[in-house]
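Here the structure comes first, spelled out in structure tokens, and everything after it is commentary.
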Amino acid sequence: MDKARLLEFLRQMLLIRRFEEKSAEMYARGKIGGFLHLYIGQEATGVGVIAALRPEDHIVTTYREHGHALARGLEPGAIMAELFGKATGVSHGKGGSMHLFDASKNFWGGYAIVAGGMPIAVGLALAAQYRGEARIVLNIFGDGAVNEGEFHEALNLASVWKLPVLFLCENNLYAMGTAIARVSAVPEVYRRAAAYDIPAQRVDGQDVEAVYEAAQAAVEQVRSGRGPYLLEAVTYRFRGHSMADAVLYRTREEEEQWKARDPIELLRRRLEKDGQLTGPELAALQAEAEQVVAAAVAFAEASPPPPPEALYEDVYA
Amino acid sequence: MPVMTYREALALTLREALQEDERVFIMGEDIGAYGGTYAVTRGFLAEFGERRIRDMPIAESIIVGSAVGAAMAGLRPVVELMTINFSLLAMDQIVNHAAKVRYMSGGQVKVPLVIRVPSGGGNLLGAQHSQSLEGWYAHVPGLKVVAPSTPADARGLLRAALRDDNTVLFVENALLYGTKGEVPEGKYEIPLGRADIKRAGSQVTLVSYSRLVLSCLEAAQRLAGEGIEVEVIDLRSLRPLDMDTVLASVKRTRRAVVAEETWKTGGFGGEVISLIYEGAFDHLDAPVGWVAGAEVPMPYARNLEKAALPTADDVIKAVKKLF
């Protein structure tokens, strides 16, 4: 894979990591309220898959979506402002961390009902097919979604109508605190696709190159009109489910094993080993991430809250 | 004016929408090859083809949810759910998604979606096929809920719903499909959120919606014979709710009865009554009367089902109590 692309992956992952660390800090300082679900540890998955899309392709995702929004190119300042509940936020302060939207970038929302976004993603794909458009839909969900009825209804309809949906399961092994294997008859999510005659593959979600290559193949299949594809990326969230999580349900040893496979570190080591990344280059990327996130916070801080009249706006069109 | 059934009025209006607007398509269980559970879409599949008339798996959540997604993308889907009872399997998509995405996106998306749902009891279908749950949906900001009682209203309100940029739950009491009425010539819209005075009267305001409006009209007719002049208001739309028309009438008549087909507890009739007290308390000469269904799951046996549903006799009794 060419160096420029790998460096771009590294740049995006560093930005997401820094953005999330800063979000946690802002949460601790009371600048961000409600739930905050961090993407730390899972960066390679979103970055690798979204890089395989075209700008006109739709994205429908979940409530752990800051990284997806950044990878899609939503303004970091407008995302941070949304977390702060400001009028300049991507959803004008009315969505919050779990509901980032940017229709101009075909980013159709984070949804906070587990599996709830899946039927909507299928509907966006139906609209594309109905109009004869070439675009596809990326639908991201977690392992917690796969025992919901909406998961099965979505896969079935997408398959029977051969809709252009790439289903991406970010399997971070735990739905909140419940290990997928404890509650699932078939914990290997990719195997479930066979029930709906959907081709599927499992990929190492910590390896951004592997994710990207798998996503490219999946996107090609979906765009060809042959119907949906299910990609399962096995990954790990390094932090708790949300900021309130005491992480009682998994061992520190397990966490250390996964942190040894930090997606950013894996890519950095690989690039350095191949002589494709110098110390100054890495420092420059880190400095850029730091600067972009600092500017995002400054923008969010300086932005006004939604005006009182916004309360009753946009209930109806 | 031409006379047609409620079913024919709906079918005519849907057919026109399909002809006029390429973005309109219909999704539902057994709407195509079978011809529609209540035969509203009979013949549509042959006329419009599988792209526009989509037979769906029995999977209500994906039926509604995929329509929400298609609507967000700019299409104008129409969903037929086989009955309002089955809409509970799609409640997540209706309440958590269709009603919310516009607001939580800060106004970036629209969900122009019509969800048609047969509702109500009286067909000997037992507890799981006989509910009138429209009041639950009327509770939710972001949704519109419409429940016409006549073929003319069904046509005008459906046309307006099909052109609305929001999600409209279009409630069709199943006993109304075969009812006939005069329908104005040509295409017309009735704005959502406007009640209609179905019969003018000076002594009591009778407020209802959907099929029970017909029982109220029968009651009013009979009461007129006894010298009691009843005004019958058909809400037509539960959300938005036109209380202006109701309050203006109550202030004139000084008496009111609210009649609904379903349970009182936590329901829509209580909502209307509170709003009457809030807006016209000082004008009332008597407490507001309330006619509603029995607080039981719907029984099957003919006599028991009949006893569970309010009738014109119940309405007459409630009106007379006010004097």
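Scanning the range B:96-112 for residues that are of a type outside the set (Ser, Thr, Tyr) and more than 11 Å from every other protein chain (Cβ to nearest Cβ) turns up nothing. The set of residues in the range A:108-127 that are more than 7 Å from chain B (Cβ to nearest Cβ) and surrounded by fewer than 24 Cβ atoms within 10 Å (Cβ to Cβ) comprises A:Ala112, A:Val114.
Among the residues making up the range B:213-240, a single one is of a type in the set (Lys, Arg) and part of a strand (DSSP E or B): B:Arg239.
Report whether or not A:Gly144 is more than 8 Å from chain B (Cβ to nearest Cβ) and more than 21 Å from A:Glu82 (Cα to Cα).
Yes.
Cβ-Cβ contacts under 9 Å between residues 6 or more apart (or on different chains), taken from a first residue in the range A:224-247 that is acidic (Asp, Glu) to a second residue that is part of a loop (DSSP other than H, G, I, E, B) and surrounded by fewer than 17 Cβ atoms within 10 Å (Cβ to Cβ), are listed as A:Glu232/A:Glu188; A:Asp245/A:Met176; A:Asp245/A:Gly177. Of all residues in the range A:37-77, exactly one satisfies the criterion of being assigned to a helix (DSSP H, G or I), farther than 25 Å from A:Cys169 by Cβ and open to solvent by 20 Å² or more (accessible area, probe 1.4 Å), namely A:Pro76. Examine the range A:242-251 for a residue that is within 14 Å of chain B (Cβ to nearest Cβ), in contact with a helix residue (DSSP H, G or I) (Cβ under 9 Å, 6 or more places away or on another chain) and surrounded by 14 or more Cβ atoms within 10 Å (Cβ to Cβ), and state whether such a residue exists. No; the residues of the range A:242-251 include none that is within 14 Å of chain B (Cβ to nearest Cβ), in contact with a helix residue (DSSP H, G or I) (Cβ under 9 Å, 6 or more places away or on another chain) and surrounded by 14 or more Cβ atoms within 10 Å (Cβ to Cβ). All conditions in (1) open to solvent by 10 Å² or more (accessible area, probe 1.4 Å); (2) of a type in the set (Val, Ile, Thr); (3) in contact with a Gly (Cβ under 9 Å, 6 or more places away or on another chain); (4) part of a loop (DSSP other than H, G, I, E, B) hold for B:Val95, with the sole exception of (4). Taking first residues from the range B:163-185 that are more than 14 Å from chain A (Cβ to nearest Cβ) and under 26 Å from B:Thr311 (Cα atoms) and partners that are of a type in the set (D, E, K, R) and assigned to a loop (DSSP other than H, G, I, E, B), the Cβ contacts under 9 Å between residues at least 6 apart in sequence or on separate chains come to B:Asn173/B:Arg211; B:Asn173/B:Glu261; B:Ala174/B:Arg211; B:Leu175/B:Arg211; B:Leu176/B:Arg211; B:Thr179/B:Arg211. Restricting the range A:83-107 to residues that are within 9 Å of chain B (Cβ to nearest Cβ) and either among the polar types (S, T, N, Q) or not in a loop (DSSP other than H, G, I, E, B) (or both), the residue that is surrounded by the fewest Cβ atoms within 10 Å (Cβ to Cβ) is A:Ser104. Restricting the range B:42-64 to residues that are assigned to a helix (DSSP H, G or I) and open to solvent by 60 Å² or more (accessible area, probe 1.4 Å), the residue that is nearest to the other protein chains (Cβ to nearest Cβ) is B:Glu47.
Would it be correct to say that B:Gly32 is away from chain A (no Cβ under 13 Å), open to solvent by less than 40 Å² (accessible area, probe 1.4 Å), in contact with a Leu (Cβ under 7 Å, 6 or more places away or on another chain) and free of Cβ contacts under 8 Å to residues at least 60 places away in the same chain? Taking the combined requirement at face value, the residue satisfies it.
B:Met82 satisfies every condition listed in (1) more than 7 Å from chain A (Cβ to nearest Cβ); (2) open to solvent by less than 10 Å² (accessible area, probe 1.4 Å); (3) not in a helix (DSSP H, G or I) except (2).
The values are calculated or read from the model by the stated rules, or taken from the named source; none is laboratory data. Not measured: the values here are computed from a predicted model. Quick reminder, even Gly has a Cβ in these numbers, built from the backbone with ideal geometry, and neighbours come from all protein chains shown. Note: areas computed on protein heavy atoms with side chains; ligands, DNA, RNA excluded. Shrake-Rupley method; radii C 1.70, N 1.55, O 1.52, S 1.80 Å.
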